[in-house]
1. Quick check on this structure: which one of Gly288, Gly314 is touching a residue at least 60 places away in the same chain (Cβ under 8 Å) and touching a Cys at 6+ places or on another chain (Cβ under 7 Å)?
2. Please go through region 340-363 and pick out each residue that is part of a loop (DSSP other than H, G, I, E, B), in contact with a strand residue (DSSP E or B) (Cβ under 7 Å, 6 or more places away or on another chain) and either of a type in the set (Ser, Thr, Tyr) or open to solvent by 30 Å² or more (accessible area, probe 1.4 Å) (or both).
3. Name the residues in region 106-121 that are open to solvent by 20 Å² or more (accessible area, probe 1.4 Å) and over 11 Å from Leu52 (Cβ atoms), would you?
4. Within the set of pairs 6 or more residues apart or between chains, which connect a residue that is over 11 Å from Val356 (Cα atoms) inside region 318-335 to a residue that is buried (at least 22 other Cβ atoms within 10 Å of the Cβ) and of a type in the set (Lys, Arg) with Cβ atoms less than 9 Å apart?
5. Using the structure shown, decide if Gly91 is on the phi > 0 side of the Ramachandran plot, open to solvent by 30 Å² or more (accessible area, probe 1.4 Å) and outside any helix (DSSP H, G or I).
6. State the number of residues belonging to region 281-308 that are open to solvent by 30 Å² or more (accessible area, probe 1.4 Å), of a type in the set (A, V, I, L, M, F, W, C) and in a loop (DSSP other than H, G, I, E, B).
7. Which residue pairs have Cβ atoms under 9 Å apart, sit 6 or more places apart or on different chains, and have a first residue in region 206-231 that is farther than 16 Å from Leu142 by Cβ and of a type in the set (A, V, I, L, M) and a second that is modelled with pLDDT of 60 or more and surrounded by fewer than 10 Cβ atoms within 10 Å (Cβ to Cβ)?
Amino acid sequence: MVGLIDLVQTLTTPHPLDRYLELVRPALTARELRAEVTHVSHAVPGSVTLTLRASRQWRGHTAGQYVQIGVSINGVRHTRCYSPIDPESRGDRYLQITVKAHPGGLVSNYLHEHAAPGMVVDLAPAAGVFALPAQRPEKVLLVSGGSGITPVLSMLRTLDAENYAGEVTFLHYARQPEMVPHRAELTAIANRRPNFRVEYRYPVEPGTVVDGETSTGSGFFDYDELDRVAPWFAQAQTFVCGPPPLMRAVQTIFEAEDLQDRVHSEEFTLTTVPTDPSEATGTITFSGSKVAADNNGAALLDQAESAGLTPEHGCRMGICFSCTATKVSGCTRNLRTGELDADPDKQIQICINAPVGDVDIAL
């Protein structure tokens, strides 16, 4: 079959076979992985859940992994990473993603407003190391906040589908009850599984007026909360995904207990080392495009886009590595760690590296 496709591919040069197949049906491909939207749900304010039917190349996912979704907006292809919320699968071509429309989020807002049955998106194979181990732990603690619920929801649904007999606690943080995606299903799982515990918290900032009284703050993750919901946490494997403050709170406690090897985390937002734009100097040369721009201190990806370029990219968080480019010369600063790198002819991720002075990037 592969040999036949290669032959047809040769006959259709200079365009790949998939370019002709998509004229017949957008989701029909010989090599490229795509998916068609079959159902759209706006059950939670500000979020959209899409059911996708992947092309035959789809090989499923491990609970907790993410996929890249690509859409064309005003003629420009943009890709972002989302975690399937389905139970772990290897043969089913259907998958679901829940996308929260973030303020200023180009792709998330586009999907929230325009996704409809029949829409075709690009799809990449599942990836990522944030996943349930093949040998299931005896106890599992899942902690999430906001849109970080998606990978741990896949884990919970997987354990449910497998009739997991160990202890599970799922602790989710949200602004208010109606902002919890798939709450009805979470409740149903907890009701039929006595060994599954599902808890919700709605943190209240200090100074907030609640029922006529000023709150001193409550509902945040701390040691007491951890001990209440999962007193066996020291014997468990813990998986956490959410905003940076929640991630730090969990990791700080586990490090203090010398249990850092038992906590696994997935960042869905990029936490960067602060930069001062007034201190940015030098010129960025995008030598592959013969374009140059004054350095403003932002990530190379952002500056390339501001200069009118459209480099390949995905998650914008340093996870997917689809934005890797060659730094020909100059010094760059990793926005996550603050580390400087002056090695020439080196592959770097342009979404999480910013130039320090003059830099030449082969874009």
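1. The unique qualifying residue is Gly314.
2. Residues satisfying the conditions are Ala342, Pro344, Asp345, Ala362, Leu363.
3. Hits for region 106-121 are Leu106, Asn109, Tyr110, His112, Glu113, His114, Ala116, Gly118.
4. Cys323/Arg316
5. no
6. Within region 281-308, residues that are open to solvent by 30 Å² or more (accessible area, probe 1.4 Å), of a type in the set (A, V, I, L, M, F, W, C) and in a loop (DSSP other than H, G, I, E, B) number 2.
7. That search, which allows pairs on different chains as well, returns nothing.
To keep it simple, each residue is scored yes or no on (1) aromatic (Phe, Trp, Tyr); (2) under 19 Å from the mean Cα position of the chain (by Cα); (3) more than 24 Å from Arg248 (Cα to Cα); (4) in a strand (DSSP E or B).
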site: Val99; (1), (2), (3), (4): no, yes, no, yes
site: His102; (1), (2), (3), (4): no, yes, no, no
site: Leu111; (1), (2), (3), (4): no, yes, yes, no
site: Ala116; (1), (2), (3), (4): no, no, yes, no
site: Asp122; (1), (2), (3), (4): no, yes, yes, yes
site: Pro125; (1), (2), (3), (4): no, yes, yes, no
site: Leu132; (1), (2), (3), (4): no, yes, no, no
site: Leu141; (1), (2), (3), (4): no, no, no, yes
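The values are calculated or read from the model by the stated rules, or taken from the named source; none is laboratory data. These numbers were taken from a predicted model, which means no experiment stands behind them. All Cβ positions, glycine included, derive from the backbone under ideal geometry; neighbour counts span all protein chains shown. Heads up: the accessible areas ignore ligands, DNA and RNA and are worked out on the full protein's heavy atoms, side chains in. Shrake-Rupley method; radii C 1.70, N 1.55, O 1.52, S 1.80 Å.
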